[in-house]
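The values are calculated or read from the model by the stated rules, or taken from the named source; none is laboratory data. Note that this is a predicted model, so its numbers are computed, not measured. Positions of Cβ are backbone-derived with ideal geometry, glycine not excepted, and every protein chain shown enters the neighbour counts.
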Amino acid sequence: MKTRNDYAKDYDKKVWETGDLDHRETLNPVVFKLLWDVKNKKILDLGCGQWYFSRLLTKQWANVTGIDISEDLIKIGEQRNQEQSLKIKYFVSDAANLKDLKDNEFDIVVSNMAFMDIENIKGTIEECSRVLKNNGFIIFSLINPIFWISERTKDDNGYFLKLIKYNTNSTITNENRGYNFKTTHYHRPIWYYINTLVENDFYITNYEEVSTKYFRWELIQDKEFFDFIQEFPSFLIIKAHKK
């Protein structure tokens with residue numbers, strides 16, 4: 001299986017400076033609404049990739065540190081930052097072992113579409129709790145877990161999802177996210193994320209389910225299919241404060 005380094009250039013071409021279509025049109029508006037005013041806030045961008053979201057935060061006067069496991073993505077971000085004269089700290093690091101970061105260092109941790117790509121999510125949430133200040137908060141977005149383990153189909157009654165199992169954690173190989181490479185993802189039921197947050201002294205303040213208007217990077221024209229997509233939210237966004 002290819003690593004994040006193997007698809008760094010392809011990913012950068014797709015995401016560039018504004019995020020791909022789903023980030024730009026569906027996710028980012030909700031994430032920024034939940035972030036509210038980030039001026040002078042110390043923010044950890046966890047799973048930052050090539051830092052496009054870090055740069056958006058920095059341009060709103062946040063003090064940003066980016067973390068990603070891919071050295072190649074970090075290098076792409078570093079070059080882009082130099083071109084734009086932006087000051088963003090960065091580390092190549094496993095999200096479950098933030099050894100370069102101090103306890104109680106950040107006001108906010110944001111992870112925009114990375115949690116389902118992280119194998120050790122319990123260790124990651126533990127580390128988020130450690131590096132956050134008391135009453136700091138985490139915001140993370142992810143693809144709705146039902147989509148990793150279901151098959152979309154249609155019969156005489158319309159579209160529906162054929163779900164084989166849900167409560168079992170599993171590893172998924174995926175090649176249908178609009179990129180030219182395969183990726184590894186980790187299915188976990190929603191309760192698994194919620195319980196892990198609670199176990200690490202978080203309390204949930206916002207839970208958003210949002211649906212996309214797009215399919216395979218094009219606006220959905222078929223009304224029946226569009227209505228079906230709206231009934232099964234594409235993404236989850238959770239905001240949780242540290243006690």
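Numbers at a glance
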| read-out | value |
| --- | --- |
| Residue count, region 55-85 (criterion: within 15 Å of Asn112 (Cβ to Cβ) and in contact with a helix residue (DSSP H, G or I) (Cβ under 6 Å, 6 or more places away or on another chain)) | 4 |
| Qualifying position, being out of contact with any Asp or Glu (no Cβ under 7 Å at 6 or more places or on another chain) and buried (at least 19 other Cβ atoms within 10 Å of the Cβ), among Ile118, Ile43, Ile74 | Ile118 |
| Index of the failed condition, Met113 passing every other in (1) of a type in the set (A, V, I, L, M, F, W, C); (2) at pLDDT 95 or above; (3) on the phi > 0 side of the Ramachandran plot | (2) |
| Number of positions in region 202-228 that are touching a residue at least 24 places away in the same chain (Cβ under 8 Å) and out of contact with any Pro (no Cβ under 7 Å at 6 or more places or on another chain) | 15 |
| Answer residue from region 190-243, given it is basic (Lys, Arg) and assigned to a strand (DSSP E or B) and is nearest to Ile146 (Cα to Cα) among those | Lys239 |
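Conditions tested, residue by residue: (1) within 22 Å of Ile125 (Cα to Cα); (2) touching a strand residue (DSSP E or B) at 6+ places or on another chain (Cβ under 9 Å).
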| site | (1), (2) |
| --- | --- |
| His23 | no, yes |
| Lys39 | no, no |
| Leu44 | yes, yes |
| Tyr52 | no, no |
| Thr58 | no, yes |
| Thr65 | yes, yes |
| Gln79 | no, no |
| Gln82 | no, no |
| Asp107 | yes, yes |
